[in-house]
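Participant: Sharing a structure, written as structure tokens. Questions coming.
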Amino acid sequence: MAVNAKRRLAAVVVADVVGYSKLVGENEASTVATVNARWETVLKPIVHENGGRVVKFLGDGALMEFSSAVDAVRSALAIQNGMAAANESAPDAPAIQLRIGINLGDVISDGDDIFGDDVNIAARLEGVARPGELCVSQSVHDAVRGRLAFEAEEIGDLDLKNIAKSIRAFRLRPGDMSASTAATSESKENRLSIAVLPFDNMSGVPEHDFIGEGMSENILTDLARFKDLTVIARNSSFAYKGRAARVQDIRRELGANYVLEGSIQKAGDRIRVNAQLIDGVSGKHVWAERYDRKADDLFAVMDDITELIVATLATTYGGRLRKAAAESAATTGPTSFPAFDSFVQGMVELNKCTEESVERAGEHFSLAIKANPRYAKAHAKSCWVHIYKINFGWTEDAAASLRTALQFAEAAVAADDSEAWGYWAIAGCDMQQGRHDRAISGITRAVELNPNDADVLADMGLFLSYVGRADEGIPFALKANRINPNHPEYYDDQLGQVFFTARRYEDAVRSFEGIRNHITAATMVYLAASHAALGNMESAGATVKELLAKEPASTIAMWTSPDFIPYKNPEDVEHLARHLRAAGVPG
């Protein structure tokens with residue numbers, strides 16, 4: 001690398017003429033003249049108008065650079081439209097079609113040239129594009145969705161030549177360029193994405209860490225109420241706690257167009273909250289505010305912060321989110337720090353999913369409810385504590401545990417009937433009792449209230465598999481994983497169960513074998529059955545051996561009981577039992 005080489009974030013565009021060699025073979029002079037004319041009359045003016053630059057021409061191709069993914073895609077779509085129009089207006093000239101690839105990432109600049117892996121990725125994506133279309137990386141797609149008009153088709157993860165990791169890619173086709181903010185083929189909920197980072201604790205007291213996390217948790221929850229907004233799940237955004245990361249890196253890793261970060265400082269009975277909303281592409285502050293409040297005025301602080309964040313987004317949505325916030329009823333959440341602390345600690349313990357951790361989670365949720373009796377999410381998670389105990393045989397009286405679970409679920413809805421988690425909890429109780437239709441109705445209501453809650457989506461996929469609709473459940477489970485890239489490993493466990501029920505055994509095995517820490521007896525049960533279904537009897541037998549070492553009392557009857565898997569259809573129960581029998585699980 002040269003001494004004067006520098007790195008910067010850029011949107012890289014690579015264009016190439018389709019079938020150039022064939023066109024040159026047919027009429028070299030006319031092809032070369034036409035291509036050079038199109039560079040001058042179509043490509044260069046569009047790039048200049050959108051603030052980009054042509055790095056260099058490569059005879060039959062061009063390398064371009066933009067500071068914004070939006071400008072890059074806008075230019076590329078306009079170039080494709082311009083080429084098509086030029087072909088129509090000059091029918092006697094060779095028809096020039098382009099393939100275009102676009103990537104957003106770090107480039108290394110040396111003089112006027114740029115290079116690096118992210119440039120190579122754009123070049124590889126160009127080769128995947130179809131004539132007249134664009135192929136873009138997920139980082140580009142996420143940055144422009146909802147801002148430009150185009151038709152999108154997800155290709156999936158691509159293994160590109162000389163690129164170390166797979167790249168998720170999308171094909172884009174030009175749409176109506178007269179409407180720069182027209183809706184894309186993406187659903188409304190994906191038009192804008194925000195990651196809420198845990199607020200930094202500036203108090204100098206380690207015990208106050210949960211205040212910052214709780215502050216971020218409530219902001220995240222409030223933002224997730226809006227169906228037009230994609231909120232990156234807590235497990236993903238909170239993974240950056242204590243890490244020094246550039247906003248652009250967070251945006252690229254999580255697909256968040258905006259990042260909300262902040263800090264809290266508590267002294268005596270007062271608290272200071274600083275919050276900043278940052279553009280994930282440019283790294284510039286879009287909005288910042290400081291709040292000084294009495295510590296018992298937390299509800300007002302949260303309302304103020306949420307309202308101002310929404311107001312920042314109002315220009316994008318024509319004031320729609322501001323109106324939604326103004327009309328919103330009372331915010332679910334605690335009004336005291338002890339409730340925050342207890343709830344967050346309870347979630348940490350519950351996600352560990354061991355008998356001891358689930359017991360500790362129940363104790364934390366009880367403390368949260370004691371601090372704020374109307375804390376709906378704490379009631380909802382208390383319900384799940386008892387359902388877990390039933391599922392895994394950690395209770396001596398399943399009927400009593402179910403009654404207690406239902407009481408907590410009903411209390412959650414009573415505390416806030418606009419909170420999705422209450423309906424989710426009631427759905428869990430209904431499913432546990434074999435009330436399958438009511439369970440699906442309840443969890444559907446939860447998804448409607450909060451279509452971006454990854455935890456609810458993961459269970460929606462599982463519940464649909466329980467009622468014989470596993471194929472419908474797979475997209476929900478996959479979406480949960482997608483919008484929460486740093487999801488708890490039980491997501492993969494449940495996804496594997498859904499795949500098994502859908503008879504997609506290889507996918508099931510991949511899901512289970514990706515689990516590193518959250519390996520439960522249930523994981524082993526479904527993994528053994530999946531291996532048996534594939535005829536991998538050696539792997540199935542080894543998994544059963546591990547299962548019996550972990551749960552010596554394991555039997556087919558135990559693991560196919562309604563307490564463990566409340567399947568609606570007998571054939572799904574028999575399907576699991578048959579493969580467990582083949583794997584060697586005792587009857």
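Participant: Looking at (1) out of contact with any Gly (no Cβ under 9 Å at 6 or more places or on another chain); (2) assigned to a helix (DSSP H, G or I), which is the only condition residue 410 fails?
Facilitator: Residue 410 satisfies all of (1) out of contact with any Gly (no Cβ under 9 Å at 6 or more places or on another chain); (2) assigned to a helix (DSSP H, G or I) except (1).
Participant: Another one. Which pairs have Cβ atoms under 9 Å, sit 6 or more apart or on different chains, and link a residue in segment 569-587 that is touching a residue at least 60 places away in the same chain (Cβ under 8 Å) to one that is surrounded by 18 or more Cβ atoms within 10 Å (Cβ to Cβ) and outside any helix (DSSP H, G or I)?
Facilitator: 569/467; 572/565; 575/567; 576/560; 576/565; 576/567; 585/554
Participant: If you don't mind, another one. Considering each of 278, 309 in turn, give the residue that is of a type in the set (A, V, I, L, M, F, W, C), at pLDDT below 65 and under 22 Å from residue 249 (Cβ atoms).
Facilitator: On the way: 278 fails: at pLDDT below 65.
None of the others qualify; the one that does is 309.
The rows are residues; the columns are (1) at pLDDT 95 or above; (2) closer than 24 Å to residue 536 by Cβ.
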position	(1), (2)
420	no, no
431	yes, no
453	no, no
467	yes, no
474	yes, yes
507	yes, yes
515	no, yes
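Participant: A further question follows. Restricting to segment 478-515, name every residue that is without any contact (Cβ under 8 Å) to a residue 60 or more places away in the chain, under 14 Å from residue 454 (Cβ atoms) and of a type in the set (Ser, Thr, Tyr).
Facilitator: 491
Participant: Looking at segment 183-195, is at least one residue crowded, with 22+ Cβ neighbours inside 10 Å, touching a helix residue (DSSP H, G or I) at 6+ places or on another chain (Cβ under 6 Å) and at pLDDT 80 or above?
Facilitator: Among the residues of segment 183-195, at least one is crowded, with 22+ Cβ neighbours inside 10 Å, touching a helix residue (DSSP H, G or I) at 6+ places or on another chain (Cβ under 6 Å) and at pLDDT 80 or above, which makes the answer yes.
Participant: Right, something else. Hey, can you tell me all the residues within segment 540-576 that are in contact with a helix residue (DSSP H, G or I) (Cβ under 6 Å, 6 or more places away or on another chain) and of a type in the set (Gly, Ala, Ser)?
Facilitator: Matches in segment 540-576: 540, 554.
Participant: Out of segment 543-554, which residues are over 19 Å from residue 500 (Cβ atoms) and either surrounded by 18 or more Cβ atoms within 10 Å (Cβ to Cβ) or of a type outside the set (D, E, K, R) (or both)?
Facilitator: Scanning segment 543-554 gives 548, 549, 552, 553.
Participant: Just to verify a result, which residue in segment 71-93, among those that are in contact with a Ser or Thr (Cβ under 9 Å, 6 or more places away or on another chain) and assigned to a helix (DSSP H, G or I), is nearest to residue 10 (Cα to Cα)?
Facilitator: Applying the filter and picking the extreme gives 74.
Participant: Could you run through segment 117-141 and say how many residues are among the small types (Gly, Ala, Ser), out of contact with any Lys or Arg (no Cβ under 8 Å at 6 or more places or on another chain) and surrounded by fewer than 24 Cβ atoms within 10 Å (Cβ to Cβ)?
Facilitator: The initial filter retains those residues of segment 117-141 that are among the small types (Gly, Ala, Ser), namely 122-123, 127, 129, 132, 137, 139.
So of that shortlist, the ones also out of contact with any Lys or Arg (no Cβ under 8 Å at 6 or more places or on another chain) come out as 122-123.
From what is left, the residues that are surrounded by fewer than 24 Cβ atoms within 10 Å (Cβ to Cβ) are 123.
Qualifying residue count, segment 117-141: 1.
Participant: Within segment 85-100, can one find any residue that is touching a Cys at 6+ places or on another chain (Cβ under 9 Å), outside the structural domain of residue 448 (by TED's automatic domain parsing) and either among the polar types (S, T, N, Q) or modelled with pLDDT of 85 or more (or both)? Steps first, please.
Facilitator: Of segment 85-100, the ones touching a Cys at 6+ places or on another chain (Cβ under 9 Å) are 99-100.
Checking the rest, the ones that are also outside the structural domain of residue 448 (by TED's automatic domain parsing) come to 99-100.
Filter once more, so that each one left must be either among the polar types (S, T, N, Q) or modelled with pLDDT of 85 or more (or both): 99-100.
Yes; the residues of segment 85-100 include at least one that is touching a Cys at 6+ places or on another chain (Cβ under 9 Å), outside the structural domain of residue 448 (by TED's automatic domain parsing) and either among the polar types (S, T, N, Q) or modelled with pLDDT of 85 or more (or both).
The values are calculated or read from the model by the stated rules, or taken from the named source; none is laboratory data. Just so you know, these numbers come straight off a predicted model, no measurement behind them. Quick reminder, even Gly has a Cβ in these numbers, built from the backbone with ideal geometry, and neighbours come from all protein chains shown.
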